[in-house]
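The values are calculated or read from the model by the stated rules, or taken from the named source; none is laboratory data. Computed from a predicted structure; not experimentally measured. Because the Cβ atoms are built from the backbone with ideal geometry, glycine has one as well, and the counts that use them run over all protein chains shown.
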Amino acid sequence: MPVAVEGIYGLVAEFETPSELVYAAKAAHDAGWRRMDCYTPYPVEEAAEAIGFHKNKVPLLTLVGGLMGLCAMFTFETWVSVLAYPLNIGGRPLYSWPAFIVPAYEWTILFAGLSAAFGMLALNGLPSLYHPLFNAPNFRTGATDDKFFLCLEALDPKFDLLETRAFLESFTPNSVVEVNY
Amino acid sequence: MATKEIVTANAGLDPKTGEFRVIAQGFSFKSVTQKIADIVLAPQGTLGWLMFFSIAGSVATLLLVAVTWLFLKGTGIWAVTQPVAWGFAIINFVWWIGIGHAGTLISAILLLFKQSWRNSINRFAEAMTIFAVVCAGMFPLIHVGRPWVAYWMLPLPVSMNIWPQFRSPLLWDVFAVSTYATISVVFWYIGLIPDLGTLRDRAQSKFAQFCYGVFSLGWRGSVRHWMRYETASLLLAGLATPLVLSVHTVISFDFAVAVLPGWHTTIFPPYFVAGAVYSGFAMVLTLAIPLRKVFGLEGLVTDRHIDNMGKVMLATGGIVAYGYGMEVFMAWYSASHWEYFMMWNRMFGPMGWSYWVLIFCNIAFPLTTLWSRKLRTNISFMFLISIIVNIGMWFERFVIVVTSLYRDFLPSSWGTYRATKWDYMTYIGTLGLFTTLFLLFVRFLPMIPMNEIKMMLPSAKVKEKAEQAAGAGD
């Protein structure tokens, strides 16, 4: 049983095209790798599928946020208009709910939108200005520009410095680099 | 076939469809990054930029002067009085918000409809939205008379236990516009994060690396992050779509809910939204045409974009024309004496000229010429038409506000409206502020989303193993 190596985050292979990355990621996932990730300059849906990342929780957060905004605003408007500060305008009913729809609608969107944006960042663990991958010499010049990376992480039970390097090199990447903490 | 030969001869056309290409041929991931990031990181023509910046900044100073004087003297320095109690402030507010709407339409609605051509223009259209909302939001705030207590509009328990009236469209406006501003900023910023990461990684100076690094929040392009990011973008687009429709609807309620001939109509919400998009696309063209020229971006903002924007303007202009027609029809069909007089006065009264300026700028000129593809792809013509439509849409708001008010039910209370120099200074000042903000944006932020352009390149297509030329792998 291979043991994780001290001080090493993983091994990262650099590919020239998204197709090569997807192929390698799929092969690694099929071989039983789980602590792994791909890094691309733009969203590559196939790569996410290849590493078994199919669903995320952003829609749920958005729904909950939106419902909270809706309930909060509608309740507030009702409380203000009926209990806290009743205004008699031409004898119209105090609980005039159709007029309350507009602000409640706006707050539904406001809260849902903020939940989607900040929920996405929170689930991604951002902001995190440091990450071990930034130590890889070729990562910062490529990952946000035109190169595609597959990282197999040292925390995976299958990780072994030599075997994993050989495994990654079998996909003929541009390079395979050790990522240090 | 003769047509086919012509089609293939033009490099800007796609031989398969005969349509204009969305992106010119020959771009790679690397060259897209280089082209867009270098505008910010290795700027050329800094002197020219500084010149424009100082002119725009000086014009923006007019706003500062006008607003300072306003705060010292009160709204009496404007031309607003009875019977025209709503003047330039509301006209400019509606005009600016309307301009902002095209940015949201491009970033949200066209994303939902999978119109990928929008990717090139989406970033700066969104920036335009935010700056337009900044200019718009200022007008109601400075118009309240005592701007230092403008926060009373918000339902805060500190305002002497007075709560706002939730049945008033003016309060709905507060919620609609503040939500719109917030969501637009969030949507824009979320879109910027990956590109800020690219700038962080390409920047040479420590200071730039630090700034872009902090604002990119440590983006590293993990596909897990990308997938959540894409979901969040789609959801924000889905939320911004009903939002943008609701904002101008609520603004039209400010008028339509009042029982006044010329305002009290049910056609206002759709007609305001269409007008907003119409003027907004005109403003996108006004900005896009010089930008692509100055920064050499003709390969990314192609004739296809100009052509498509012309088509959108044609469609929304048609809705606006229907709105005008329906107003006239209802004035006659309602058999209401007041409605009839208001419309007659709007067309042939002392301020009738403004109505005909509006008809010429919004209908007679654009809706007759935009049908021709030749004219739609004639860049200088499109620039001209964008300016004309912007003027026309400003006059639309002028006509709605002023000509509905200046001759009301009692002839003894008729009046007129003549804007003062402070009105003009405030308006021109916001144009300067808008331009200043936009110049800062193009200088310091990527004006075209690099990651979205890369998605559209042919090399971004993931091929199956069998299709791959090289025998990579085991």
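Matching residues to (1) within 25 Å of the chain's Cα centre (by Cα); (2) within 14 Å of another protein chain (Cβ to nearest Cβ):
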residue: B:T369; (1), (2): yes, no
residue: B:P411; (1), (2): no, no
residue: B:D423; (1), (2): yes, no
residue: B:L439; (1), (2): yes, no
residue: B:N451; (1), (2): yes, yes
residue: B:E464; (1), (2): no, yes
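Evaluated against (1) part of a loop (DSSP other than H, G, I, E, B); (2) β-branched (V, I, T); (3) modelled with pLDDT of 90 or more, B:I190 falls short on exactly one condition, (1).
B:G262: buried (at least 20 other Cβ atoms within 10 Å of the Cβ), within 11 Å of chain A (Cβ to nearest Cβ) and modelled with pLDDT under 90, yes or no? It is false that B:G262 is buried (at least 20 other Cβ atoms within 10 Å of the Cβ), within 11 Å of chain A (Cβ to nearest Cβ) and modelled with pLDDT under 90.
Residue-level check: of (1) out of contact with any helix residue (DSSP H, G or I) (no Cβ under 7 Å at 6 or more places or on another chain); (2) among the aliphatic types (A, V, I, L, M); (3) closer than 30 Å to A:A99 by Cα; (4) at the interface with chain A (Cβ under 9 Å from one of its Cβ atoms), B:I193 misses just (3).
Taking the conditions exactly as written (buried (at least 20 other Cβ atoms within 10 Å of the Cβ) and away from chain B (no Cβ under 11 Å)), does A:E14 satisfy them or not? Here the answer is yes, as A:E14 does meet what is asked. For the stretch B:182-233, a residue qualifies if it is among the polar types (S, T, N, Q), under 25 Å from the mean Cα position of the chain (by Cα) and over 24 Å from B:V134 (Cβ atoms), and exactly one does: B:T231. Taking the listed residues B:M283, B:M330, B:M326, the one that is within 30 Å of B:I36 (Cα to Cα) and either assigned to a loop (DSSP other than H, G, I, E, B) or touching a residue at least 24 places away in the same chain (Cβ under 8 Å) (or both) is B:M283, with no other qualifying. Would you be able to tell me the number of residues in the stretch B:146-183 that are in a helix (DSSP H, G or I), modelled with pLDDT under 85 and of a type in the set (G, A, S)? Count: 1.
Taking the numbered list (1) farther than 27 Å from A:G125 by Cα; (2) assigned to a helix (DSSP H, G or I) in turn, B:H264 passes all entries but (2). In this structure, does A:G90 turn out to be more than 24 Å from the chain's Cα centre (by Cα) and free of Cβ contacts under 8 Å to residues at least 12 places away in the same chain? Taking the combined requirement at face value, the residue satisfies it. In the stretch B:235-258, the condition of being part of a helix (DSSP H, G or I), over 19 Å from the mean Cα position of the chain (by Cα), at pLDDT below 90 and under 22 Å from B:V185 (Cβ atoms) is met by no residue.
The residue of the stretch A:17-55 that is surrounded by the most Cβ atoms within 10 Å (Cβ to Cβ), among those that are more than 9 Å from chain B (Cβ to nearest Cβ) and touching a residue at least 60 places away in the same chain (Cβ under 8 Å), is A:A28. Restricting B:V214, B:V174 to those that are over 30 Å from B:L245 (Cα atoms) and within 10 Å of chain A (Cβ to nearest Cβ) reduces the list to B:V214. Put simply, of A:V58, A:V80 the only residue that is among the β-branched types (V, I, T), farther than 29 Å from A:V179 by Cα, touching a residue at least 60 places away in the same chain (Cβ under 8 Å) and within 7 Å of chain B (Cβ to nearest Cβ) is A:V58. Here A:W79 meets each of (1) of a type outside the set (S, T, N, Q); (2) surrounded by 21 or more Cβ atoms within 10 Å (Cβ to Cβ); (3) more than 30 Å from B:S31 (Cβ to Cβ) with one exception, condition (2).
Among the residues making up the stretch A:97-155, those that are within 7 Å of chain B (Cβ to nearest Cβ), part of a loop (DSSP other than H, G, I, E, B) and touching a residue at least 12 places away in the same chain (Cβ under 8 Å) are A:A143, A:T144, A:D145, A:D146. For the stretch B:82-114, give me each residue that is without any contact (Cβ under 8 Å) to a residue 40 or more places away in the chain and either outside any helix (DSSP H, G or I) or among the small types (G, A, S) (or both). If the condition is that a residue be without any contact (Cβ under 8 Å) to a residue 40 or more places away in the chain and either outside any helix (DSSP H, G or I) or among the small types (G, A, S) (or both), then B:F113, B:K114 are the ones that fit. Just one of (1) modelled with pLDDT under 90; (2) buried (at least 17 other Cβ atoms within 10 Å of the Cβ) fails for B:M425. It is (1). Among the residues of the stretch A:142-156, are any in the same structural domain as A:H29 (by TED's automatic domain parsing), surrounded by fewer than 16 Cβ atoms within 10 Å (Cβ to Cβ) and not polar (S, T, N, Q)? Yes: one or more hits. Scanning the stretch B:333-342 for residues that are more than 18 Å from B:Y355 (Cα to Cα), part of a helix (DSSP H, G or I) and of a type outside the set (F, W, Y) yields one hit, B:H337. Restricting attention to the stretch B:324-342, the residues that are surrounded by 19 or more Cβ atoms within 10 Å (Cβ to Cβ) and closer than 28 Å to B:H101 by Cα add up to 2.
Scanning the stretch A:130-181 for residues that are closer than 29 Å to B:I453 by Cα and aromatic (F, W, Y) yields a count of 6.
For every residue, the table says whether it meets (1) more than 22 Å from A:E6 (Cα to Cα); (2) in contact with a strand residue (DSSP E or B) (Cβ under 7 Å, 6 or more places away or on another chain).
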{"position": "A:L126", "(1), (2)": "yes, no"}
{"position": "A:L133", "(1), (2)": "no, yes"}
{"position": "A:T141", "(1), (2)": "yes, no"}
{"position": "A:L150", "(1), (2)": "no, yes"}
{"position": "A:L155", "(1), (2)": "no, no"}
{"position": "A:D160", "(1), (2)": "no, no"}
{"position": "A:R165", "(1), (2)": "no, yes"}
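Put simply, of B:R418, B:R407 the only residue that is exposed (fewer than 14 other Cβ atoms within 10 Å of the Cβ) and either within 14 Å of another protein chain (Cβ to nearest Cβ) or assigned to a loop (DSSP other than H, G, I, E, B) (or both) is B:R418. B:F272 meets all of the listed conditions (1) touching a residue at least 12 places away in the same chain (Cβ under 8 Å); (2) out of contact with any Ser or Thr (no Cβ under 6 Å at 6 or more places or on another chain); (3) in a helix (DSSP H, G or I) but one, namely (2). When the residues of the stretch B:235-248 are filtered to those that are more than 9 Å from chain A (Cβ to nearest Cβ) and not small (G, A, S), the one that is farthest from B:F166 (Cα to Cα) is B:T241.
Is it the case that some residue within the stretch B:126-133 is more than 9 Å from chain A (Cβ to nearest Cβ), surrounded by 22 or more Cβ atoms within 10 Å (Cβ to Cβ) and not hydrophobic (A, V, I, L, M, F, W, C)? The answer is yes; a qualifying residue exists.
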